[in-house]
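Enquirer: Just passing along the structure, written as structure tokens.
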Amino acid sequence: MSAISYRHYAQPKIEVKKQALVTVIIPFLNEADVLAVCHQRVCEALNTLHQHCEILYIDDGSQDDSWTLVSQFQHPLHQVRCLRLSRNFGKEAAMSAGMKAASGRCVILLDADLQDPPEYIPEMVKAWQNGAQVVEMQRRERHGESWLKRTTAHCFYRFMSQMSDYPITENVGDFRLMDQKVVNVINTLPERTRFMKGLLAWPGFTRTILSFDRDARLAGNTKWNYPKLIHLALEGITSFSTKPLRWATTAGAITSFIAFTMAIVIFTKTLVWGDPVAGYPSTILIVLFLGGIQLLSIGVLGEYVGRLFIESKQRPLYVLMEDAMTKPTFQYSGP
Ligand code: UDP
Ligand code: MG
């Protein structure tokens with residue numbers, strides 16, 4: 001057998017691509033008024049890192065000029081990529097689309113309205129370089145938000161961290177940095193009902209908390225209203241814990257016990273003292289009370305059955321309509 005010579009085969013060219021240091025994911029819905037300033041401030045913050053980064057805009061079905069605007073954004077040092085969803089799927093789905101597409105060694109989630117100041121990015125990256133795999137940004141102050149919103153948000157965070165079987169840090173929203181490893185884990189979580197505060201906290205890993213003052217919106221209005229927030233809270237509770245089901249069972253057990261004790265008392269009183277059974281109002285009250293508890297328990301059960309129904313359909317979380325990308329033109333020679 002003749003020996004095979006490999007000399008004649010062309011050596012494959014290995015192209016060494018530098019992975020972006022950070023991917024900043026910015027989901028937006030109708031934010032044409034703020035996007036230009038947002039892009040400028042994010043770029044300025046990334047420039048201080050002196051490495052290639054990626055800015056990933058996710059258009060969550062905007063009806064204004066937002067898409068035309070972002071698809072023209074570019075930067076000589078950083079890759080700018082814009083994904084457009086086919087309709088409004090919600091911020092949670094938009095962030096999930098961003099995390100699937102992100103190519104950086106770590107990922108930062110940022111709101112387009114500049115309530116999460118991009119100037120904190122270098123500090124977050126430093127904490128990550130010092131070993132934290134998740135850098136959570138805890139709100140110290142919430143400028144530009146009403147007393148009612150601040151209080152309800154605070155109560156909700158406190159309630160959720162008590163309900164959850166694993167720690168969800170209070171007053172930490174979506175603004176955070178995550179290592180690629182953490183993002184890969186989150187990308188494998190298949191649920192359709194995406195309560196992000198719970199999902200992002202689920203993988204664990206080493207954490208650092210940094211404090212920041214949340215600014216007021218630069219322009220435009222919040223996309224949330226109270227019915228939407230109540231829906232989000234219900235979704236959060238029922239998609240992350242089965243404790244309400246246990247509460248329904250406990251309420252049932254307690255009322256049955258009370259009813260049983262009362263039955264014994266009434267029965268004894270009638271037999272021993274011959275008391276006539278009195279009290280139309282108390283009967284009505286008890287019937288209404290039990291009816292309320294029963295309806296509430298059925299409602300709780302219905303919430304979980306509804307979640308099962310949605311999950312069983314296995315529909316995609318979002319549909320991508322367009323994908324525009326501009327590569328950096330300048331090569332960093334450093335590490
Ligand atoms: N957003 C989105 N899809 C939605 C709602 C909001 O992508 O369905 C974006 C919005 O454009 C902004 C961020 O999510 O960049 C936060 O939204 P908003 O400021 O309305 O929420 P708030 O800060 O009041 O909680
Ligand atoms: Mg906002």
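Enquirer: Could you point to the residue in Gly173, Thr188, Gly98 farthest towards the positive end of the chain's charge dipole, with +1 and -1 charges on the Cβ of Lys/Arg and Asp/Glu respectively?
Expert: Thr188
Enquirer: Compute, for the chain, the length of the dipole vector about the Cα centre, with Cβ point charges of +1 (Lys, Arg) and -1 (Asp, Glu) only. Units Debye, rounded to 20.
Expert: The dipole of the chain has a size of about 780 debye.
Enquirer: Taking Cα centroids, how far is region 112-191 from region 216-284 in Å?
Expert: When both Cα centres are located, 33 Å separates them.
Enquirer: Give me the one-decimal Kirkwood hydrodynamic radius in Å for the chain, with the sum taken over alpha-carbon pairs.
Expert: About 23.4 Å, per the Kirkwood formula over Cα pairs.
Enquirer: State, to one decimal in nm, how far the label point of Ser282 lies from the label point of Trp247, with both points 7 Å from Cα in the Cβ direction.
Expert: 2.9 nm
Enquirer: Excluding the sites themselves, what is the longest stretch of the chain that contains no trypsin sites (Lys or Arg not before Pro) in a DSSP loop with at most 13 other C-beta atoms within 10 Å?
Expert: 88-335
Enquirer: How far, in nm, would the chain grow between Gln19 and Leu301 when pulled straight, counting 0.36 nm per residue and subtracting the alpha carbon separation?
Expert: 96.8 nm
Enquirer: Give, as ranges by residue number, the residues of region 111-152 whose backbone N falls under 20 Å from the point 7 Å along Cα→Cβ of Thr188.
Expert: 133-134
Enquirer: Does region 32-118 come out rounded, prolate or oblate, given a ≥ b ≥ c as the square roots of the eigenvalues of its C-alpha gyration tensor, rounded meaning a/c under 1.5 and, failing that, prolate meaning a/b above b/c?
Expert: prolate
Enquirer: Could you calculate the FRET efficiency of Leu229 with Asp64 from 1/(1 + (r/R0)^6), where r is the beta carbon distance between them and R0 is 30 Å, rounded to 0.05?
Expert: E between Leu229 and Asp64, to the nearest 0.05, is 0.80.
Enquirer: Restricting to DSSP H runs of at least four residues, report the calculated mean residue ellipticity at 222 nm for the chain, -39500 (n - 2.57) per run over all residues, nearest 500 deg cm²/dmol.
Expert: Roughly -14500 deg cm²/dmol at 222 nm, from the helical runs in the chain.
Enquirer: Mean-square fluctuation check for the chain, GNM, Cα pairs under 10 Å: which of Thr193, Thr206, Thr238 is largest?
Expert: The residue with the greatest mean-square fluctuation here is Thr206.
Enquirer: Indicate the gyration tensor shape class of region 105-236 (rounded, prolate or oblate), computed on the Cα atoms with a ≥ b ≥ c the square roots of the eigenvalues: a/c under 1.5 is rounded; otherwise a/b larger than b/c is prolate and the rest oblate.
Expert: oblate
Enquirer: In nm, to one decimal, how far is the Arg140 label point from the Met325 one, both placed 7 Å along Cα→Cβ?
Expert: Here the modelled spin labels are 3.9 nm apart.
Enquirer: When the chain is treated as a GNM, springs tying every alpha-carbon pair under 10 Å, which of Pro167, Pro27, Pro227 comes out with the largest mean-square fluctuation?
Expert: It is Pro227.
Enquirer: Something else: Scanning the chain for helices, which whole DSSP H stretches are 20 Å or more long along the axis (Cα) and average 1.0 or more by Kyte-Doolittle?
Expert: Span-like helices here: 243-273, 280-313.
Enquirer: Pick out which of Gly252, Gly198, Gly279 has the largest mean-square fluctuation in a Gaussian network model of the chain, springs linking Cα atoms closer than 10 Å.
Expert: Gly279
Enquirer: Quick one: Cys53, Cys155, fewest Cβ neighbours within 10 Å first, how do they rank?
Expert: Least to most surrounded, the residues fall as Cys155, Cys53.
Enquirer: Moving on to the next point. Indicate the gyration tensor shape class of region 250-313 (rounded, prolate or oblate), computed on the Cα atoms with a ≥ b ≥ c the square roots of the eigenvalues: a/c under 1.5 is rounded; otherwise a/b larger than b/c is prolate and the rest oblate.
Expert: Prolate is the answer for region 250-313, as a/c is 1.5 or above and a/b outweighs b/c.
Computed from the coordinates by the stated procedures, all read-outs in this text should not be read as laboratory data. For clarity, every value in this text was computed on a predicted model and none was experimentally measured. All Cβ positions, glycine included, derive from the backbone under ideal geometry; neighbour counts span all protein chains shown.
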